[in-house]
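Student: Dumping the structure here so I can ask a few things about it.
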Amino acid sequence: MRRYETTFIIDNDLPEEQRGAVIDRVTDLINQHNGLLVMFDQWGTKKLAYEIKKKIRGYYVCADYCGTGTLVDEIERFFRIDDRLMKYMTIVIDKQVDVQTVKDEIAQIEAAAKEEAEKQEALAQAAAAEAMKEETSAEEEADSRPPEDAAPASSETEAEQTENDKDKEVS
């Protein structure tokens with residue numbers, strides 16, 4: 001069994017459902033011909049290097065899979081007869097591949113992605129807890145301060161103080 005990478009460009013003007021149908025058909029072909037899908041990467045809409053079928057943009061997809069030559073022939077036959085596809089290219093990544101090794105590689109990648117997602121989740125929770133802590137301490141600090149518009153603590157009002165000052169000047 002060999003490992004292949006097929007990159008193809010779908011017409012950008014297609015609705016999402018039809019793009020999904022093309023992608024599903026490719027994955028079905030891989031499964032029908034006893035292939036192993038390693039990775040399916042949707043790059044999205046990109047500007048083309050040159051016009052293809054009078055279009056300047058296309059939806060790029062890259063499939064990394066293991067299979068036989070008949071699988072590649074069938075996928076490329078599908079690409080030739082389907083008008084929704086603009087271009088495709090298949091390259092051989094590895095001429096002799098052990099399927100179990102590839103499955104182990106996929107498991108390691110998935111485990112690393114899961115671990116990274118858990119780490120990001122933990123960081124997000126820590127940041128949220130820190131923000132909540134800062135907000136709580138700011139509220140407590142605001143509650144402990146005396147209000148700014150409160151009267152001064154002295155027993156005399158300003159009017160009484162001014163009157164007392166005038167009396168002292170006269171005497």
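Student: For the stretch 2-97, build the convex hull from the C-alpha positions and give me its volume per residue in Å³.
Tutor: Value for the stretch 2-97: 87 Å³ per residue.
Student: Grab the Cα-Cα distance for Glu115 and Lys133, subtract it from 0.36 nm times how many residues apart they are, and report the gain in nm with one decimal. If you can, show how the numbers build up before the last one.
Tutor: Numbers: separation 18, 0.36 × 18 = 6.48 nm, distance 2.67 nm.
Taking 0.36 nm per residue and subtracting the Cα distance, the gain is 3.8 nm.
Student: Which ³J(HN,Hα) values in Hz, rounded to whole numbers, follow from the phi angles of the stretch 45-51 under the Karplus curve 6.51 cos²θ - 1.76 cosθ + 1.60, where θ = phi - 60° and Gly and Pro get x?
Tutor: 7, 9, 7, 7, 5, 8, 5
Student: Between Asn34 and Ala142, what is the spin-label point distance in nm, taking each point 7 Å from the Cα along the Cα→C-beta axis?
Tutor: 7.0 nm
Student: Just to compare against my own numbers: the Cα pair-distance distribution for the stretch 21-73, 10 Å bins, whole % per bin, please.
Tutor: 22, 42, 28, 9
Student: Tell me the net charge near Glu105. Cut-off is 11 Å between Cβ atoms, Glu105 excluded, with +1 for each Lys or Arg and -1 for each Asp or Glu. Could the numbers behind the result be given before it?
Tutor: Values: positive: Arg3, Lys103; negative: Asp64, Asp98, Asp104, Glu110.
It works out to a net charge of -2.
Student: Another question, if that's okay. Could you pull out the pairs from Lys47/Lys87; Lys46/Lys119; Lys46/Lys103; Lys46/Lys95 whose alpha carbons sit more than 22 Å apart here? Please report the intermediate quantities before stating the final value.
Tutor: Numbers: Lys47/Lys87 13 Å; Lys46/Lys119 31 Å; Lys46/Lys103 31 Å; Lys46/Lys95 30 Å.
Result: Lys46/Lys119; Lys46/Lys103; Lys46/Lys95 exceed 22 Å.
Student: Post the alpha-carbon centroid distance, the stretch 46-83 to the stretch 121-137, in whole angstrom.
Tutor: 47 Å
Student: Which of His33, Ala49, Asn12 sits farthest toward the positive end of the charge dipole of the stretch 12-66, with +1 on the Cβ of Lys and Arg and -1 on the Cβ of Asp and Glu?
Tutor: Ala49
FYI, it's all coordinate maths here, none of it is from the lab. Note that this is a predicted model, so its numbers are computed, not measured. We place every Cβ from the backbone using ideal geometry, glycine too, and count neighbours over all the protein chains shown.
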